[in-house]
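Colleague: My structure is below; once you've seen it, I'll send some questions.
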Amino acid sequence: MELQTLWKTALGEIELQVTSASFSTWLKESLLIDNHEGVAFVALPNNFVREWVENKYAKIILGSIRSIDDSVKQIRFVVKTDIALQKTHGQKKERQKKQLSFADFRVDPETNLNPKYTLASFVVGSSNELAYAAATAIINNVGTKYNPLFIYGGVGLGKTHLIQGIGNEIGVKYERAVRIKYVSSEQFTNDVIGGIRNRRMEDIRQKYRNTDVLIIDDIQFIGGKEKTEEEFFHTFNALYENNKQIILSSDRPPGSIPTLEERLRSRFEGGMIVDITYPDYETRIAIIKTKLQEAELYLPDTIINYIASNVKRNVREIEGVLNNLFFQSEAKKVELTEKVVETIIRNIIQKPSQNISPNQILTVVGDYFKVSLEDLTGRSRKKEVVGPRQIAMYLLRDMLELSYPYIGESLGKRDHTTAIHAFEKTQREINKNQALNQKIMMVKEMIYKSNST
Ligand code: ADP
Ligand code: MG
């Protein structure tokens with residue numbers, strides 16, 4: 001049988017055995033490139049996907065192929081370069097679209113930018129048009145117009161998206177001529193700590209000073225960390241004096257970062273400061289439509305309007321609702337009526353936190369991941385315990401908005417920074433990893449259910 005036909009038939013079988021979200025995330029891009037002497041070679045777009053598929057789906061794939069061609073005894077998973085894939089794959093257009101979802105994983109190792117954050121996919125409305133205008137102005141005048149550019153605003157309003165979008169756009173426009181570096185302030189802090197500890201501070205300085213555009217996300221976190229602030233101050237000056245562009249984001253304006261050194265504050269205030277506020281109704285509609293288009297999903301206008309009217313807090317929440325809708329309709333085959341949407345919004349967004357106790361969350365997480373309550377709240381650092389514990393920390397924060405010190409203390413007398421780290425890490429992972437996203441949604445559902453029984 002021809003390779004393509006064999007694979008198409010096998011994929012049809014596989015599709016019935018995995019959730020459609022997993023299928024489109026992991027397997028849609030696969031190809032059968034060879035089949036001889038009992039070995040079938042399945043090609044995947046990159047190493048990350050290859051590993052994932054090999055670990056999770058090898059059995060299903062072998063079974064499905066063998067049900068069609070039982071001469072196959074073994075599957076080998078390989079990585080195919082994009083170019084080679086493009087040549088062999090018939091439906092070129094289909095490919096390009098799907099590749100967008102893979103792009104999520106390919107953070108550029110040089111710049112640390114995630115290519116999924118583009119200015120083209122950033123919806124502009126009254127809440128962010130000033131910030132957007134400043135961003136575009138910078139692209140044409142790197143280092144000379146607004147320096148630093150300081151963008152601030154609440155959680156989930158698009159700061160990371162916008163500042164990474166600037167970086168990506170500059171990257172496209174100037175190619176390799178402009179060196180860009182994006183880091184979270186947490187990464188910057190870790191570098192400084194590592195530099196001190198390993199006596200390699202000079203390397204760290206070089207790393208940050210050999211750039212033309214330095215982007216630091218959530219700069220508010222360096223407040224109060226003296227050594228980091230000092231290093232940053234010198235890096236800032238070195239870059240600034242050489243007309244290098246500095247872009248910063250923060251959850252509040254410089255004047256409101258309580259422990260920020262005065263000299264840094266005045267540096268920040270010497271550039272352009274713009275805020276991003278809550279998106280208005282029209283912008284929310286535009287954002288929902290854009291996200292649906294990106295995910296190739298359809299929702300009727302009545303539901304779009306309903307979401308826009310009810311989910312107002314931030315864009316991340318809108319994405320959360322859409323992900324959940326997608327999950328309900330694709331994985332659980334629930335029809336998306338207004339009633340269903342209403343329930344999702346009520347459960348997930350409006351956080352009926354009063355009725356849920358921290359214990360309920362811990363019990364469900366423990367049950368789901370098969371970890372005892374004792375381990376979850378204990379000091380064990382075994383891998384089987386640490387992962388679920390981080391998820392528990394995430395949920396305690398996400399669902400109950402408990403304080404980080406409280407969460408850290410409750411789960412093994414840990415420092416609040418551990419809780420912050422767990423929350424932020426999980427949140428990042430959820431955005432990248434559809435399987436984890438689904439697991440967490442499942443757990444949330446169980447928590448809500450445990451509440452109503
Ligand atoms: P912040 O850094 O301010 O907490 P993010 O940049 O992480 O927020 O945004 C949260 C999510 O919402 C991201 O997935 C981002 O792509 C999306 N988002 C935020 N603002 C917009 C916008 N104006 N247009 C499109 N997507 C947006
Ligand atoms: Mg951010």
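The values are calculated or read from the model by the stated rules, or taken from the named source; none is laboratory data. Since this is a predicted model, take the numbers as computed values, not measurements. Cβ atoms come from the backbone with ideal geometry, glycine included; neighbour counts cover every protein chain shown. Note: accessible area is taken over every heavy atom of the protein model, side chains too, but ligands, DNA and RNA are not part of it. Shrake-Rupley method; radii C 1.70, N 1.55, O 1.52, S 1.80 Å.
Colleague: Look through the stretch 4-41, keep the residues that are in contact (Cβ under 8 Å) with a residue 60 or more places away in the chain and either in contact with a Phe, Trp or Tyr (Cβ under 6 Å, 6 or more places away or on another chain) or under 28 Å from K332 (Cβ atoms) (or both), and return whichever of them is most open to solvent (accessible area, probe 1.4 Å).
Modeller: K28
Colleague: Suppose we filter the stretch 214-229 for residues that are more than 16 Å from ligand 1 (Cβ to nearest atom) and either buried (at least 18 other Cβ atoms within 10 Å of the Cβ) or at pLDDT 95 or above (or both); how many remain?
Modeller: Total satisfying the criteria: 5.
Colleague: What are the residues in the stretch 293-306 that are more than 17 Å from the chain's Cα centre (by Cα) and within 14 Å of ligand 1 (Cβ to nearest atom), if any?
Modeller: Residue satisfying the conditions is Q293 alone.
Colleague: Looking only at the stretch 271-289, count how many residues are part of a helix (DSSP H, G or I) and either surrounded by fewer than 16 Cβ atoms within 10 Å (Cβ to Cβ) or not polar (S, T, N, Q) (or both).
Modeller: Total satisfying the criteria: 8.
Colleague: Report, by residue number, each residue of the stretch 239-286 that is of a type in the set (F, W, Y) and more than 16 Å from ligand 1 (Cβ to nearest atom).
Modeller: Y240, F268, listed by residue number.
Colleague: Separate question: Hey, G165 hits all of (1) open to solvent by 10 Å² or more (accessible area, probe 1.4 Å); (2) within 24 Å of the chain's Cα centre (by Cα); (3) not hydroxyl-bearing (S, T, Y) but one; which does it fall short on?
Modeller: Here G165 clears every test but (1).
Colleague: On to the next question. Do we find that F268 is part of a helix (DSSP H, G or I), open to solvent by less than 40 Å² (accessible area, probe 1.4 Å), more than 16 Å from ligand 2 (Cβ to nearest atom) and touching a strand residue (DSSP E or B) at 6+ places or on another chain (Cβ under 8 Å) in this structure?
Modeller: Here the answer is yes, as F268 does meet what is asked.
Colleague: Among the listed residues T259, T211, identify the single one that is more than 13 Å from P148 (Cα to Cα), at pLDDT 95 or above, out of contact with any Ser or Thr (no Cβ under 8 Å at 6 or more places or on another chain) and more than 16 Å from ligand 2 (Cβ to nearest atom).
Modeller: Exactly one residue qualifies, and that residue is T211.
Colleague: So, in the stretch 244-256, of the ones that are assigned to a strand (DSSP E or B) and within 16 Å of ligand 2 (Cβ to nearest atom), which residue ends up nearest to A137 (Cα to Cα)?
Modeller: Only one residue tops the list, namely I247.
Rundown of residues vs (1) within 27 Å of R428 (Cβ to Cβ); (2) touching a strand residue (DSSP E or B) at 6+ places or on another chain (Cβ under 8 Å); (3) near ligand 1 (Cβ under 9 Å from one of its atoms); (4) assigned to a strand (DSSP E or B), yes/no style:
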site: L119; (1), (2), (3), (4): yes, no, no, no
site: V124; (1), (2), (3), (4): yes, no, yes, no
site: A134; (1), (2), (3), (4): yes, yes, no, no
site: I139; (1), (2), (3), (4): yes, no, no, no
site: G143; (1), (2), (3), (4): no, yes, no, no
site: Y146; (1), (2), (3), (4): no, yes, no, no
site: F150; (1), (2), (3), (4): yes, yes, no, yes
site: H161; (1), (2), (3), (4): yes, no, yes, no
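Colleague: Just checking, how many residues over the stretch 407-439 are under 21 Å from F48 (Cα atoms), open to solvent by less than 50 Å² (accessible area, probe 1.4 Å) and without any contact (Cβ under 8 Å) to a residue 60 or more places away in the chain?
Modeller: Matching residues across the stretch 407-439 total 5.
Colleague: Something else: Would you confirm whether or not the stretch 26-48 contains a residue that is among the acidic types (D, E), part of a loop (DSSP other than H, G, I, E, B) and modelled with pLDDT of 85 or more?
Modeller: Yes - at least one qualifying residue is present in the stretch 26-48.
Colleague: Can I ask one more? Note down all Cβ pairs under 7 Å where the first residue falls in the stretch 150-177 and is acidic (D, E), the second is open to solvent by less than 70 Å² (accessible area, probe 1.4 Å) and not in a helix (DSSP H, G or I), and they're at least six residues apart or on different chains.
Modeller: E169/L119
Colleague: How about the stretch 171-209: which of its residues are outside any helix (DSSP H, G or I), open to solvent by 70 Å² or more (accessible area, probe 1.4 Å) and at negative phi?
Modeller: Those that are outside any helix (DSSP H, G or I), open to solvent by 70 Å² or more (accessible area, probe 1.4 Å) and at negative phi: R179, N198, R200.
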